[in-house]
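Colleague: Just dropping this structure here.
The values are calculated or read from the model by the stated rules, or taken from the named source; none is laboratory data. Computed from a predicted structure; not experimentally measured. With ideal geometry, Cβ positions are generated from the backbone for all residues, glycine too; neighbour counts draw on all protein chains shown. Note: areas computed on protein heavy atoms with side chains; ligands, DNA, RNA excluded. Shrake-Rupley method; radii C 1.70, N 1.55, O 1.52, S 1.80 Å.
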Number of protein chains: 2
Amino acid sequence: MLLRTLLTNLRARSLPLAGSGMSIRFASTLAPLDSTKLTIEHTTTPKPKLAKEDLVFGKYFTDHMLEIEWTASSGWSTPKITPYHNLSLDPSTIVFHYAFELFEGMKAYRDSNGDIRTFRGDKNMIRMNKSAERIALPTFDGEELLKCIDKFLLVDRDFVPEGNGYSLYLRPTMIGTTASLGVGVPDKALLYVIASPVGPYYSSGFKPVSLEATDYAVRAWPGGVGDKKLGANYAPCVKPQLEAASRGYAQNLWLFGEEGYITEVGTMNVFFVFKNQDGKRELVTAPLDGTILEGVTRDSILELAKDRLDSAEWTISERKYTIGEVEERANKGELVEAFGAGTAAIVSPIKSIGFRDGRNIEVPVALGNSGELTSQVAEWIRKIQYGEESYKNWSRVAK
Amino acid sequence: MLLRTLLTNLRARSLPLAGSGMSIRFASTLAPLDSTKLTIEHTTTPKPKLAKEDLVFGKYFTDHMLEIEWTASSGWSTPKITPYHNLSLDPSTIVFHYAFELFEGMKAYRDSNGDIRTFRGDKNMIRMNKSAERIALPTFDGEELLKCIDKFLLVDRDFVPEGNGYSLYLRPTMIGTTASLGVGVPDKALLYVIASPVGPYYSSGFKPVSLEATDYAVRAWPGGVGDKKLGANYAPCVKPQLEAASRGYAQNLWLFGEEGYITEVGTMNVFFVFKNQDGKRELVTAPLDGTILEGVTRDSILELAKDRLDSAEWTISERKYTIGEVEERANKGELVEAFGAGTAAIVSPIKSIGFRDGRNIEVPVALGNSGELTSQVAEWIRKIQYGEESYKNWSRVAK
């Protein structure tokens with residue numbers, strides 16, 4: 001909360017910010033994000049619903065969107081649900097030039113009662129605020145945004161598709177909207193949420209992927225922003241993905257440093273399972289050292305694994321580990337399975353990891369298309385997401 | 001050109017790109033960027049010109065803008081000069097989510113004949129294409145864009161302010177405009193140029209700045225994109241700048257690694273001058289190792305220094321050097337001067353570098369507000385920019 005404190009101090013002292021051309025007003029006049037002020041304007045031209053088999057991730061959106069403007073002088077304005085519409089922005093707007101932008105990925109699920117549920121949205125709100133703070137965009141009360149999202153879900157509830165694996169993908173987004181080419185603290189921002197109905201990531205069972213061990217491009221580094229969900233982390237990863245694709249791989253396995261630490265896969269966190277000498281199994285993922293996105297699915301897997309796997313048989317580790325360790329243990333027959341983890345797929349099983357020198361690590365898929373734990377954790381999480389099982393406060397019904 | 005080749009190959013083979021939902025058409029149908037097709041629509045509501053003393057960097061723009069759309073299926077469309085206007089974009093557009101955005105900074109100067117000149121725009125075009133290639137946005141013939149920019153300058157020539165230090169700042173920008181939340185290769189893009197009249201960076205002589213030696217945040221990393229002019233490199237640097245400002249410093253001196261390599265200052269390249277034991281002076285800047293922006297001003301200073309400084313008295317070095325070396329040589333009396341270098345200011349003299357542990361390096365400013373070489377190179381470049389002196393093909397008159 002260092003930056004917010006600093007900004008508040010700067011505002012409180014009414015200091016002009018260097019190079020920004022803005023003067024900042026007294027902090028106490030700033031309005032908080034307030035869900036009770038939400039207004040709703042219903043569309044007069046509802047869209048036809050697409051057939052479930054025609055759904056494509058992130059291409060087709062619901063009838064409405066949620067928008068909340070922010071200014072440094074007034075704080076958060078009235079949350080508004082309005083018909084889905086284009087954004088009209090001056091070409092000098094800082095989101096186009098300096099990547100003042102961040103987002104979240106969440107999903108809403110239709111349960112067997114027809115209720116609309118979201119999964120651990122509180123975690124998304126915490127991360128969204130951390131992302132905002134890191135690039136000097138405004139923070140907000142996450143529960144207030146969740147309440148607005150609940151109302152948005154009720155307005156567009158007919159777009160939440162029914163059935164296992166179907167969901168409404170939610171994209172909370174924040175952009176800096178100051179119209180000025182000066183590189184400085186944004187004095188205007190727009191928080192908005194759009195929603196896209198999506199089908200199952202795997203329409204007919206898991207399809208395990210081959211990865212390219214990637215050391216020629218680096219996704220994140222200490223002192224950088226790789227642990228935040230900023231737009232800045234995504235565009236630079238597309239070219240390495242194309243390069244991997246040109247060599248027949250589905251995704252990059254992002255390595256870090258001369259040691260070859262394993263960090264993430266594509267746009268997901270990644271887990272490996274090893275069999276130890278003592279017969280115990282170890283579920284391993286990289287620690288949150290500043291280079292790893294704080295994935296909600298990652299956290300959920302760790303928590304469920306600690307809770308549900310027998311600790312006499314399993315060790316759950318957040319620790320640094322290298323591609324060298326994975327290769328060595330694969331050679332010894334100690335590599336059990338591996339999978340990516342993220343909101344889009346829940347889990348994505350891995351079948352092999354190739355190197356540019358021609359070496360290849362085969363990753364076992366005991367069940368044919370995935371490992372046993374891979375399949376297990378997917379089912380654990382799915383049941384909670386669809387309200388088939390209750391677990392802590394992880395599932396929230398929109399009211 | 002690896003990515004373009006790859007993309008062309010992909011297109012030629014009409015492959016669907018993973019996750020993008022696009023199919024790519026045959027390469028030979030793609031139109032190049034063609035300045036001869038330029039169309040001009042003049043504004044019917046010309047803006048009043050601001051008084052020179054009211055100019056603020058990047059806040060006030062000319063009557064028109066230059067726009068060129070690109071699609072993966074058709075290539076570059078007709079370049080258009082139109083009245084300055086907002087961009088209207090779907091909220092799912094990838095520029096808002098994944099930072100598919102890059103820019104250039106150039107200036108146009110009014111010479112004593114009233115002609116409008118640009119400075120080394122060919123270098124900006126090369127860099128802009130490198131930036132585009134790095135994030136899978138389309139490349140183009142830089143000379144064609146320069147010809148369009150020349151026409152744009154002639155249309156808005158009355159906005160190019162007269163006088164030493166005054167100029168019209170040009171902001172070529174490219175954004176990905178695919179409306180889809182899939183992280184993949186953009187199939188639509190917009191290249192546009194806007195222009196803002198600006199006054200002198202230093203209205204009454206140099207003002208040397210104090211820097212904070214910054215090791216807690218890292219601007220760029222090998223294998224990253226710090227050498228490209230991408231939006232992604234900018235938003236993450238604002239919070240560290242605020243932190244430095246809170247401790248009384250104007251800018252961050254970006255260090256890299258445990259060794260404390262000096263890389264850049266704020267959003268500028270940086271140069272140091274040392275006095276060697278043999279009496280020679282050394283002008284030092286960091287080499288282009290992938291973490292350093294390939295500054296046009298940086299390149300111009302190196303080239304002019306090699307050309308104009310007596311090699312019996314000067315060594316010009318692109319080499320790695322550390323904050324430790326700077327501190328040690330300051331202690332020995334061997335630090336002569338230091339300055340940032342970039343399009344906005346040409347040069348920005350440095351008077352001190354502070355550390356968070358309280359240490360401070362005083363940087364000599366022999367002329368009171370700058371060092372001698374700092375002042376010299378600023379004048380060399382200024383004369384070429386304003387057409388007072390001809391040097392190679394560095395200054396181009398808009399025709």
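Colleague: So which residues in segment B:249-264 are open to solvent by 10 Å² or more (accessible area, probe 1.4 Å) and more than 11 Å from every other protein chain (Cβ to nearest Cβ), if there are any at all?
Modeller: B:Glu259, B:Tyr261, B:Thr263, listed by residue number.
Colleague: Being touching an Asp or Glu at 6+ places or on another chain (Cβ under 7 Å), over 13 Å from B:Ser317 (Cα atoms) and either exposed (fewer than 15 other Cβ atoms within 10 Å of the Cβ) or not polar (S, T, N, Q) (or both) is the filter here, so list the residues in segment B:276-294 that pass it.
Modeller: B:Gly290, B:Ile292, B:Leu293, B:Glu294
Colleague: Considering each of A:Gly205, A:Gly231 in turn, give the residue that is small (Gly, Ala, Ser), more than 10 Å from every other protein chain (Cβ to nearest Cβ) and farther than 18 Å from A:Asn269 by Cβ.
Modeller: After applying the criteria, what remains is A:Gly205.
Colleague: Only one of (1) at the interface with chain B (Cβ under 10 Å from one of its Cβ atoms); (2) buried (at least 23 other Cβ atoms within 10 Å of the Cβ) is not met by A:Pro197, so which one is it?
Modeller: Of everything listed in (1) at the interface with chain B (Cβ under 10 Å from one of its Cβ atoms); (2) buried (at least 23 other Cβ atoms within 10 Å of the Cβ), A:Pro197 misses just condition (1).
Colleague: Any idea which of A:Leu191, A:Leu168 is more than 12 Å from every other protein chain (Cβ to nearest Cβ), under 20 Å from the mean Cα position of the chain (by Cα) and crowded, with 21+ Cβ neighbours inside 10 Å? Give the derivation first.
Modeller: Details: A:Leu191 fails: more than 12 Å from every other protein chain (Cβ to nearest Cβ).
On inspection, the qualifying residue turns out to be A:Leu168.
Colleague: Can you pull out the residues in segment A:36-65 that are in a helix (DSSP H, G or I) and open to solvent by less than 70 Å² (accessible area, probe 1.4 Å)? Quick ask: steps written out before the conclusion?
Modeller: Taking segment A:36-65 first, the residues in a helix (DSSP H, G or I) are A:36-37, A:52-54.
Of everything in segment A:36-65, nothing turns out to be in a helix (DSSP H, G or I) and open to solvent by less than 70 Å² (accessible area, probe 1.4 Å).
Colleague: I've got another one for you. Looking at B:Gly266, B:Gly231, B:Gly260, B:Gly226, can you tell me which residue is of a type in the set (Gly, Ala, Ser), over 25 Å from A:Gly182 (Cα atoms), assigned by TED's automatic domain parsing to the domain that holds B:Ser370 and in contact with a strand residue (DSSP E or B) (Cβ under 9 Å, 6 or more places away or on another chain)?
Modeller: B:Gly260
Colleague: While we're on this one: Kindly establish whether B:Ile262 is among the aliphatic types (A, V, I, L, M) and under 22 Å from B:Val365 (Cβ atoms).
Modeller: Considered against the rule, which asks whether it is among the aliphatic types (A, V, I, L, M) and under 22 Å from B:Val365 (Cβ atoms), B:Ile262 comes out as yes.
Colleague: Mind checking which residues of segment A:120-162 are assigned to a helix (DSSP H, G or I) and open to solvent by 50 Å² or more (accessible area, probe 1.4 Å)? Break it down stepwise before answering.
Modeller: Step one: of segment A:120-162, the residues assigned to a helix (DSSP H, G or I) are A:121-134, A:142-155, A:157-159.
Result: A:Asp122, A:Lys123, A:Ile126, A:Lys130, A:Glu143, A:Lys147, A:Lys151, A:Leu154, A:Arg157, A:Asp158.
Colleague: Let me ask you something else. From (1) buried (at least 17 other Cβ atoms within 10 Å of the Cβ); (2) on the phi < 0 side of the Ramachandran plot, pick out the condition that doesn't hold for A:Asn369.
Modeller: Result: A:Asn369 fails condition (1) only.
Colleague: Could you grab the pairs with beta carbons closer than 8 Å, sequence gap of 6+ or different chains, first residue in segment A:33-50 and at pLDDT below 95, second one open to solvent by 100 Å² or more (accessible area, probe 1.4 Å)?
Modeller: A:Lys49/A:Asp158
Colleague: Quick check: anything in segment A:354-365 closer than 27 Å to A:Tyr109 by Cα and in contact with a helix residue (DSSP H, G or I) (Cβ under 8 Å, 6 or more places away or on another chain)?
Modeller: Within segment A:354-365 (the criterion being closer than 27 Å to A:Tyr109 by Cα and in contact with a helix residue (DSSP H, G or I) (Cβ under 8 Å, 6 or more places away or on another chain)), the answer is no, since none of the residues qualifies.
Colleague: When you scan segment A:265-287, how many residues do you find that are more than 10 Å from every other protein chain (Cβ to nearest Cβ) and under 15 Å from the mean Cα position of the chain (by Cα)?
Modeller: 4
Colleague: For B:Gly226, indicate whether it is in a loop (DSSP other than H, G, I, E, B), more than 20 Å from the chain's Cα centre (by Cα) and more than 8 Å from chain A (Cβ to nearest Cβ).
Modeller: When the stated conditions are applied, B:Gly226 does not pass them.
Colleague: Still on this model: Given the criteria assigned to a loop (DSSP other than H, G, I, E, B) and either among the aliphatic types (A, V, I, L, M) or buried (at least 23 other Cβ atoms within 10 Å of the Cβ) (or both), does B:Ala217 qualify?
Modeller: On the way: assigned to a loop (DSSP other than H, G, I, E, B): yes; either among the aliphatic types (A, V, I, L, M) or buried (at least 23 other Cβ atoms within 10 Å of the Cβ) (or both): yes.
Yes: the conditions hold for B:Ala217.
Colleague: Are there any pairs with C-beta distances below 6 angstrom linking a residue in segment B:160-184 that is of a type in the set (Phe, Trp, Tyr) to a residue that is part of a loop (DSSP other than H, G, I, E, B), with the two at least 6 apart or on different chains, and if so which?
Modeller: Once the first residue is of a type in the set (Phe, Trp, Tyr) and sits in segment B:160-184, its partners that are part of a loop (DSSP other than H, G, I, E, B) give B:Tyr166/B:Gly199.
Colleague: Residue by residue through segment B:83-110, note down the ones that are surrounded by fewer than 16 Cβ atoms within 10 Å (Cβ to Cβ) and touching a residue at least 40 places away in the same chain (Cβ under 8 Å).
Modeller: The one that is surrounded by fewer than 16 Cβ atoms within 10 Å (Cβ to Cβ) and touching a residue at least 40 places away in the same chain (Cβ under 8 Å): B:Pro83.
Colleague: Is segment B:87-104 home to any residue that is under 21 Å from B:Ala344 (Cβ atoms), within 14 Å of chain A (Cβ to nearest Cβ) and either part of a loop (DSSP other than H, G, I, E, B) or among the hydroxyl-bearing types (Ser, Thr, Tyr) (or both)? Before you say what the answer is, go through the steps one by one.
Modeller: Filtering segment B:87-104 down to residues under 21 Å from B:Ala344 (Cβ atoms) leaves B:101-104.
Those left that are additionally within 14 Å of chain A (Cβ to nearest Cβ): B:101-104.
Of the ones still in play, those that are also either part of a loop (DSSP other than H, G, I, E, B) or among the hydroxyl-bearing types (Ser, Thr, Tyr) (or both) are B:104.
Scanning segment B:87-104 turns up at least one residue that is under 21 Å from B:Ala344 (Cβ atoms), within 14 Å of chain A (Cβ to nearest Cβ) and either part of a loop (DSSP other than H, G, I, E, B) or among the hydroxyl-bearing types (Ser, Thr, Tyr) (or both).
Colleague: Still on this structure, I have one more. For B:Gly340, work out the one condition from (1) within 30 Å of B:Glu144 (Cα to Cα); (2) touching a residue at least 12 places away in the same chain (Cβ under 8 Å) it doesn't fulfil.
Modeller: Just one mismatch for B:Gly340, condition (1).
Colleague: With the structure loaded, tell me whether A:Ala217 is modelled with pLDDT of 95 or more and more than 7 Å from chain B (Cβ to nearest Cβ) or whether it fails that test.
Modeller: no
Colleague: Now for a different question. Counting just the residues of segment A:285-296 that are part of a loop (DSSP other than H, G, I, E, B) and among the aliphatic types (A, V, I, L, M), which one comes out nearest to A:Val363 (Cα to Cα)?
Modeller: So the residue we want is A:Ala286.
Colleague: So which residues in segment B:66-84 are more than 8 Å from every other protein chain (Cβ to nearest Cβ), assigned to a loop (DSSP other than H, G, I, E, B) and either within 26 Å of A:Ala232 (Cα to Cα) or among the aromatic types (Phe, Trp, Tyr) (or both)?
Modeller: If the condition is that a residue be more than 8 Å from every other protein chain (Cβ to nearest Cβ), assigned to a loop (DSSP other than H, G, I, E, B) and either within 26 Å of A:Ala232 (Cα to Cα) or among the aromatic types (Phe, Trp, Tyr) (or both), then B:Ala72 is the only one that fits.
Colleague: Across segment A:300-311, which residue is most open to solvent (accessible area, probe 1.4 Å) among those that are farther than 20 Å from A:Glu264 by Cα and free of Cβ contacts under 8 Å to residues at least 24 places away in the same chain?
Modeller: A:Lys306
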